[in-house]
């Protein structure tokens, strides 16, 4: 925000800008409590509603979050770094040079629910998979948690005519997971496409991911192709945007 | 939403779910007007506030948008497909083509503002670029519009000691753009890293991208490396999430 705009700003925006600058400068770190409504009223000589609006701006921007009865805190952004292209990401040239320093380190994603069904794929998925109308897909729905917090909903569609009766149609797919089983069936993925969007969550997504207000979701639609060009999986993922950084490394 | 949850839902959520299902089934297409408050009141026997809340849910989810005095319409999502990998392939810029031309087929992204300065890079950018404290970067700030609508804010940082006095420090960089000029200076990019996040926009971003309420932004931080592993550009992009699909294709 350039200084020449300051005069035109409503008071609550000026206070919000000041708090934002303090967070960006590190004066309030992740997890720190921001000044409360009473503090802001006293310091800036404003009404409670103005102080509340200022804190609301930071929450809407995802910089801070309210904790019931405790105040408003700087969001603790310890992102999960999801590397789309492992093969390239591992090379030395990119090591340790990240805009958003991030490290999942010893923290581990765990699956806390698995549901496997056979059902007709949604029209958009069926079209990508080349399934006829009403044709069945094996559908694997999983939720992933990190430190007990749900972070990812994954719905994986696989062609029923390939995977029915195999471990892929069971909750536990065995060592190496679905892709290892697909390889054993002669349909190992050799090429991937990932499509990424973002939007506000539906009410159900917000509940299942335990999202605070003002946090969007990132959508990844991943399509896996085997050596013949057959689509062997479409995986629709819904991610808590406040904990994920997606990374893609590639050559010119 | 499974049917067994329906009984616990507030009425406005049930109406919202019905409208959402109708949009997903294509009964209301992009740009179509949804039933208004009066229609919903009559059809469902609910109060105006309930009808308004139901329509509010779809707007918060980014499915629909209100147009003043005209009603609530299904958002016209004609996404810009941004291909991360193919887009940056050397043949594109090495032959004098803009790297953006791969984005959108027959629709054209245009730059509607360019500002070039020399200033100290922010700390996170300076760290990635290996710049000492207070060292200068050439900063190119651009806004891109599609059909008159701003869709992308781009802030590109380049090492001042390489680009000062070259066309890169001018608003117009010439055929092939910044990357072609870097190549002529012996620092053509050969590898890229893209890091992707999403969050709600700041007030300034919402204004500059003319975002309706409830639309998040996608952030892309792109780092370009030359053949020696030197970081020759960091580009921080802010995208209107409602118009972009990012695509990455890669091999297993």
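Only the coordinates and a few stated rules stand behind these numbers; no lab work does. Here the structure is a predicted model, which is why all the values come from computation and not from measurement. Note that we place each Cβ from the backbone using ideal geometry, even for glycine, and neighbour counts take in every protein chain shown.
Results, tabulated for the structure shown:
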| quantity | calculated |
| --- | --- |
| Exposure proxy ranking, count of Cβ atoms within 10 Å, fewest first, for A:50, B:223 | A:50, B:223 |
| For residues of B:218-224, the mean tally of beta carbons on other chains within 10 Å | 4 |
| Ordering of B:234-241, B:170-177, B:123-130 by burial proxy (mean other Cβ atoms within 10 Å per residue, highest first) | B:234-241, B:123-130, B:170-177 |
| Exercise: per-residue mean of other protein chain Cβ atoms within 10 Å, B:228-240 | 1 |
| Estimated distance in nm for a label pair at residue A:124 and residue A:68, the labels positioned 7 Å out from Cα along Cα-to-Cβ | 3.4 |
| Crossing angle, helix B:11-24 versus chain B [Cα axis fit, 0-90 degrees, rounded to tens] | 60 |
| Computed helical MRE - 222 nm, chain B, DSSP H runs ≥ 4 contributing -39500 (n - 2.57), nearest 500 | -7000 deg cm²/dmol |
| Within a Gaussian network of chain B (alpha carbon springs, distance under 10 Å), most fluctuating of B:45, B:36, B:56 | B:45 |
| Shortest-first distances to equivalent copies, position residue B:108, nm, label 7 Å out along Cβ | 5.6 |
| For chain B, built as a Gaussian network whose Cα springs stay under 10 Å, the top-fluctuating residue of B:232, B:57, B:139 | B:57 |
| Contour excess over end-to-end distance, with Cα ends at residue A:116 and residue A:147 and 0.36 nm allotted per residue | 8.7 nm |
| With Cα atoms, 0 to 90° folded angle of helix B:48-60 axis to chain B main axis | 20 |
| Inter-copy spacing of residue A:122 label points, which lie 7 Å from Cα along Cα→Cβ, given in nm from shortest upward | 3.3 |
| Relative contact order for chain B, counting Cα pairs under 8 Å that sit 6 or more residues apart, in percent | 17 |
| Shortest-first distances to equivalent copies, position residue A:32, nm, label 7 Å out along Cβ | 5.1 |
| Whole-percent pair-distance distribution, where bins are 10 Å wide, for the alpha carbons of segment B:128-199 | 15, 43, 34, 8, 0 |
| Average partner coverage of A:163-175, which counts Cβ from other chains inside 10 Å | 0 |
| Relative contact order %, segment A:190-239, counting alpha carbon pairs below 8 Å whose residues are six or more apart | 40 |
